[in-house]
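Each remark here refers to the structure printed beneath this line.
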Amino acid sequence: MNEQSLKNALEGLPVPEVIYFEETDSTNERALNLAGTAEEFTLLVADRQTAGRGRMGRRWVTTPDSSLAFTLILHPTSTEQQFMGFFSFLGGLAVCLAIEEACDAKPQVKWPNDVLLGGRKTAGILAESQFQGDMLASTALGIGINLQKGAVPPPEEVMFPATCVSDHCPGLANREHFLASILRHLIVWRPKVMERAFLDTYQSRLAFVGEKVLLAQPPGEDIQGIMMGVDMLGHLVLELEDGEVKAFPVGDVKLRLG
Ligand code: BTN
């Protein structure tokens with residue numbers, strides 16, 4: 001991948017600027033630095049990140065040649081700002097749809113926005129926003145994908161078992177075309193994030209529905225329950241052990257064994 005091959009693959013898409021790094025600290029960090037002046041859908045892509053970041057302060061490793069790491073700069077409208085949680089769902093859904101387009105694998109989303117293949121994590125999304133006063137000005141929608149085996153972190157380094165797209169989707173197109181496909185799905189679904197159809201499409205790919213899960217809650221408490229789905233606010237709905245049905249706005253889902 002290089003800047004030219006990327007630009008060729010993205011031709012025709014409404015991406016005003018593509019910034020390619022062979023190496024950078026974090027495309028989200030670069031995007032947030034640029035967001036004040038950059039146009040909507042400016043895209044930053046890195047072959048390697050030295051300080052890639054994940055949700056909840058975690059690290060995200062991006063291995064050259066075998067990963068896909070990129071960030072889109074968005075300037076959500078004031079209406080969209082009421083649905084900001086759905087922007088990271090949008091990233092996860094777009095990755096699922098691009099995988100489904102490439103092969104007959106059945107990707108799932110692990111609430112809120114990890115993408116699983118065969119029950120293992122293959123992609124993660126980190127949406128970070130920048131404010132002017134108390135108004136949201138821009139969002140950096142960062143997506144990291146393990147494409148080839150070399151991108152899969154060793155088991156001792158991850159909280160959840162990991163895999164790569166090529167293990168489930170041998171016919172996968174090259175990185176640039178896969179990225180273009182994800183962007184196309186993002187662009188199609190972005191205006192619909194406020195519609196019921198968006199949540200239904202997301203929810204139909206939701207992992208662990210009906211199963212017993214543990215929801216890790218910051219600062220470290222686990223809640224156990226049966227996963228019911230996602231409500232209209234995008235919160236995770238669990239049936240707790242005492243029968244109460246409760247929605248949770250944040251957390252990290254794990255399968256509860258036994
Ligand atoms: C997670 O699963 O915790 C989210 C991982 C998000 C990683 C991507 S890679 C591109 C962008 N730049 C970053 O530093 N993080 C996101």
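A short reminder: the numbers here are calculations on the coordinates, not readings from a lab. Fair warning: this is a prediction, and the values are worked out from it, not measured in the lab. For neighbour counting, all protein chains shown are included, and Cβ atoms are generated from backbone atoms with ideal geometry for every residue, glycine included.
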Quick one: if you take sqrt(5λ) for each eigenvalue of the C-alpha gyration tensor of region 169-258, what semi-axes come out, biggest first, whole angstrom? 30, 17, 12
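About the Cα centre of region 212-255, what is the dipole size in debye to 20, counting +1 per Lys and Arg Cβ and -1 per Asp and Glu Cβ, all else neutral? Let's see the in-between values first.
Numbers: 3 positive and 8 negative charges, 34 e Å.
Magnitude of the dipole: close to 160 debye.
What FRET efficiency comes out for Thr77 versus Gln217 if R0 is 22 angstrom and r is the Cβ-Cβ distance? Round to the nearest 0.05. Display every interim value, and only then the final one.
Values: r = 31 Å, r/R0 = 1.42.
Efficiency at R0 = 22 Å is approximately 0.10.
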Equivalent-ellipsoid semi-axes (√(5λ), Cα gyration tensor) for region 96-172, whole Å, largest first? 27, 15, 10
Which aspartates and glutamates does Lys7 reach when only Cα atoms under 20 Å apart count, and residues fewer than 8 places away in its own chain are ignored? Glu17, Glu22, Glu23, Glu39, Glu40, Asp47, Asp65, Glu176
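Using only the alpha carbon atoms of region 42-116, find the Kirkwood hydrodynamic radius as the inverse mean reciprocal pair distance, in angstroms to one decimal.
On the way: mean 1/r = 0.0707 Å⁻¹.
Every distinct Cα pair counted, the radius reaches 14.1 Å.
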So how far apart, in nm, are the two label points at Glu100 and Gln224 if each is 7 Å from Cα heading toward Cβ? 3.4
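Classify region 1-134 as rounded, prolate or oblate from the Cα gyration tensor: take a ≥ b ≥ c as the square roots of its eigenvalues, call it rounded if a/c is under 1.5, otherwise prolate when a/b beats b/c and oblate if not. Present the calculation step by step, with values, prior to reporting the outcome.
Working: a/c = 1.34, a/b = 1.11, b/c = 1.22.
Judged from the Cα gyration tensor, region 1-134 comes out rounded (a/c under 1.5).
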Using the crude model of +1 on Lys and Arg Cβ and -1 on Asp and Glu Cβ, and no other charge, please compute the dipole size for region 95-183 relative to its Cα centre, in debye to 20. 180
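Tell me, Kirkwood radius of the chain from alpha-carbon pair distances, in Å? Intermediate results must be reported in sequence, preceding the final value.
Values: mean 1/r = 0.0539 Å⁻¹.
So the Kirkwood estimate lands at 18.5 Å.
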Could you work out how far the C-alpha centroid of region 179-249 sits from that of region 35-109, in angstrom? 17
Overall dimensions of region 212-255 by Cα: Rg and Dmax, Å: 9.5, 26
Quick calc: nm separation of the 7 Å Cα→Cβ label points for Lys246 and Arg48 -> 4.6
Anisotropy class of region 20-79 from Cα gyration tensor, a/c 1.5 cut: prolate
In debye to the nearest 20, the charge dipole size for the chain, taken about the Cα centre with +1 at each Lys and Arg Cβ and -1 at each Asp and Glu Cβ, equals 320
Qualifying lysines (Cα of each under 20 Å from Cα of Lys254; at least 8 residues distant if same chain): Lys106, Lys110, Lys121, Lys212, Lys246
Taking R0 as 45 Å, what FRET efficiency do you get between Asp231 and Glu40 from their Cβ-Cβ distance, rounded to the nearest 0.05? 0.95
Simple spin-label model, 7 Å along Cα-to-Cβ: Gln132 to Met56 in nm? 3.5
